[in-house]
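Visitor: Can you read through this structure? Questions will come right after.
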Amino acid sequence: MIPTMSEKETAYIREVNTDFEVASLHEDFAQEPPVARRLAAQLKFLLAGICFGVILIKGEVISWFRIQEMFRLQSFHMYGVIGSAVVVGMVSVWILKKGSFKTIYGMPIQLHTRAFNRGQVYGGLLFGFGWALTGACPGPLYAQIGAGTTVFIVPLLSALAGTWVYGLLSRRLPH
Amino acid sequence: MHFIEYLSRPWPWYITGPLIGLTVPALLVMGNKSFGVSSSLRHVCAAIFPANISYFKYDWRKESWNLWFVMGILLGGLVSVTIFKNPEPMHLNPKLVQELSGYGIHDYAGLLPADLFSWHALLTPRGWVLMVLGGFLVGFGTRYAGGCTSGHSIMGLSNLQWPSLVATCCFMAGGFLVANLLLPLILQL
């Protein structure tokens, strides 16, 4: 097997990891069984994504108008969506923890904790600016393209550029 | 047919929100995946143009489920507009319509204003700011914050992570600032 990166580099990324969303960079990340890495096993995530995309569109979460109403306190819709999503998510996670449930591959459910850093403030504000402008967080960027607003390829490419520039500067930014 | 018609109407918040919330346990049970969309942007960078930047030197293949998930979101968009398309225009707050009409926005038929989000609008100064600058800030900000609305506001809060609450408050504060103070200026461009 050809190593794709040096062990030292990966160790460095893990040490400074501030990403809440990349579980495999966490020290206690448990490797999945080989069956979970097959192509057929990935298709369930495609299906989950399709469901999520339909929910985003039908719930009008991807609407620039609904986002503007939210930031002007002109509608309860988005507050209701996010609020009830959080409550259902919290209760679900609590049940999964209490019942010591396992994944479909028989592994214990694993949840990761993260420390506070100033990036959550600075980055959070910057993302808020972008959210108000595009009316889209990352999920809706993909959903918009699928829904036929093909011009959203441009904000998606811009978001990739933003991610890349963050990667380039990350060591020098205050965290 | 009646069922499809029913699904084609916009879904109220008390249907949409809980369904989004259920994505959290669904992904955990499917193999300990933590819900978060914005990390897909990082994986694409890591896969396509890592450019020897240490932030992109990790095994993105371990997170490939995330790329399948976002491909699904795109397909979900397609499914919604082909099968469950809402034939009615959106019900918007008249105050918002009044404000936006003042900036020459007249198309309220779709989920977003075609006056601002179309290939043609991309060549206007305000369209460029909304789509190009806005998109850049979404990408830069979410990675700087370590997550987005799904990773922090839904997944992080579900897991009772207080840094996610800080991040969520900052998302909202940033949005309030731009939508109320800056956007009126941008829409006049």
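The values are calculated or read from the model by the stated rules, or taken from the named source; none is laboratory data. Note that the structure is predicted; figures quoted are calculated from it, not measured. Ideal geometry is used to build each Cβ from the backbone, glycine not excepted, and the neighbour counts take in all protein chains shown. Ligands, DNA and RNA are stripped out before the accessible areas are found, and what is left, the full protein with its side chains, is counted by its heavy atoms. Shrake-Rupley method; radii C 1.70, N 1.55, O 1.52, S 1.80 Å.
Visitor: Hey, any idea what % of chain A's accessible area is carbon plus sulfur with a 1.4 Å probe? Provide the component values of the computation, followed by the final result.
Guide: Details: 5060 of 7530 Å².
With neighbouring chains kept in place, the figure for chain A is 67 percent.
Visitor: Heavy-atom accessible area of B:Thr23 with all protein chains present, probe 1.4 Å, nearest 10 Å²?
Guide: Here the residue's solvent-accessible area equals roughly 10 Å².
Visitor: Could you report the accessible area of B:Asp107 in Å², rounded to 10, computed with a 1.4 Å probe on the protein chains as they sit in the structure?
Guide: Counting only protein heavy atoms, B:Asp107 exposes about 50 Å² to solvent.
Visitor: Remind me, relative contact order of chain B in percent, using alpha carbon pairs under 8 angstrom and six or more residues apart?
Guide: On the way: 123 pairs, mean separation 47.1, N = 189.
Taking the mean separation of contacting Cα pairs over the length of chain B, I get 25 percent.
Visitor: Can you list the HN-Hα couplings for the range A:128-144, worked out from phi with the Karplus curve (6.51, -1.76, 1.60; θ = phi - 60°), rounded to whole Hz and with x for Gly and Pro?
Guide: In residue order, the calculated couplings are x, 4, x, 5, 5, 6, 7, x, 9, 8, x, x, x, 4, 5, 4, 4 Hz.
Visitor: Okay, next question. Taking a ≥ b ≥ c as the square roots of the Cα gyration tensor eigenvalues, with a/c under 1.5 meaning rounded and otherwise prolate when a/b beats b/c, else oblate, which class fits the range B:1-148?
Guide: oblate
Visitor: Sticking with this one: How would you classify the range A:81-160 from its alpha-carbon gyration tensor, with a ≥ b ≥ c the square roots of the eigenvalues: rounded for a/c under 1.5, else prolate if a/b is greater than b/c, otherwise oblate?
Guide: Prolate shape, in that a/c is at least 1.5 and a/b is the bigger ratio.
Visitor: Can you give me the Cα centroid spacing of the range B:92-122 and the range A:29-85 in angstrom?
Guide: Using only Cα atoms, the two centres lie 25 Å from each other.
Visitor: What number in nm² do you get for the range A:115-175 if you take the convex hull of its Cα atoms and divide its surface by four? List each step's numbers first, then the result.
Guide: On the way: hull surface 18.1 nm².
For the range A:115-175, the mean projected area of the Cα convex hull comes to 4.5 nm².
Visitor: While we're on this one: Within 15 Å, Cβ to Cβ, of A:Val121, how many net charges do the neighbouring residues add up to if Lys/Arg are +1 and Asp/Glu are -1? Could you put the intermediate results ahead of the total?
Guide: Details: positive: A:Arg114, A:Arg118, B:Arg143; negative: none.
Charge balance in the 15 Å sphere: +3.
Visitor: What accessible area per residue comes out for chain B, rounded to a whole number of Å², with a 1.4 Å probe?
Guide: 42 Å²
Visitor: Report ³J(HN,Hα) in whole Hz for each residue of the range B:9-24, in order, from the Karplus equation J = 6.51 cos²θ - 1.76 cosθ + 1.60 where θ = phi - 60°; Gly and Pro get x.
Guide: 5, x, 7, x, 4, 6, 9, 4, x, x, 5, 5, x, 5, 4, 4
Visitor: Taking the Cα atoms of the range B:116-189 alone, what are Rg (to one decimal) and Dmax (as a whole number) in Å?
Guide: My reading of the Cα-based Rg and Dmax gives 14.6, 44 Å.
Visitor: Give me a comma-separated list of calculated 3J(HN,Hα) values for the range B:50-61, in order, Karplus coefficients 6.51, -1.76, 1.60 applied at θ = phi - 60°, integers in Hz, x for any Gly or Pro.
Guide: x, 6, 6, 8, 4, 4, 9, 8, 8, 7, 5, 5
Visitor: OK, next. Measure out, as a whole number of angstrom, how far apart the alpha-carbon centroids of the range A:106-120 and the range B:30-60 sit.
Guide: 16 Å
Visitor: Compute the orientation-averaged projected area for the range B:1-66 from the convex hull of its Cα atoms and round it to one decimal in nm².
Guide: Numbers: hull surface 26.9 nm².
Across all orientations, the range B:1-66 yields a mean hull projection of 6.7 nm².
Visitor: Can I ask one more? Note down the relative contact order for the range B:116-189 as a percent, whole number, built from C-alpha pairs under 8 angstrom at least six residues apart. Walk me through the numbers on the way to the answer.
Guide: Working: 33 pairs, mean separation 20.0, N = 74.
Once normalised by length, the contact order is 27 percent.
Visitor: In addition: Return the value, in Å² to the nearest 100, of accessible area buried between chains A and B (probe 1.4 Å, both sides summed).
Guide: Details: alone 13410 and 13630 Å², together 15470 Å².
It comes to approximately 11600 Å² buried between A and B.
Visitor: Next question. How long are the semi-axes of the equivalent ellipsoid of the protein assembly as shown, taking √(5λ) for every eigenvalue λ of the Cα gyration tensor, in whole Å from largest down? Working shown, then result.
Guide: Numbers: eigenvalues 199, 114, 70 Å².
Rounded to whole Å, the semi-axes are 32, 24, 19.
Visitor: Still on this model: List nothing, just return the count: lysine pairs in the protein assembly as shown, 8 or more apart or interchain, with Cα separation under 14 Å.
Guide: Final tally of qualifying lysine pairs is 5.
Visitor: At a probe radius of 1.4 Å, what is the per-residue accessible area of A:Glu60, in Å² to the nearest 10?
Guide: The accessible area comes out at roughly 10 Å².
Visitor: For the protein assembly as shown, what is the calculated [θ] at 222 nm in deg cm²/dmol (nearest 500), taking -39500 (n - 2.57) for each run of four or more DSSP H residues and dividing by its residue count?
Guide: Working: 16 runs with 199 residues, N = 364.
Result for the protein assembly as shown, helices only: -17000 deg cm²/dmol.
Visitor: Which value in nm describes the separation of the simple spin-label points at B:Leu165 and A:Ile95, placed 7 Å from the Cα toward the beta carbon?
Guide: 2.4 nm
Visitor: Could you work out the mean projected area of the convex hull around the alpha carbons of chain A, in square nanometres to one decimal? Provide the component values of the computation, followed by the final result.
Guide: Working: hull surface 51.7 nm².
If you wrap the Cα atoms of chain A in a convex hull and average its projections, you get 12.9 nm².
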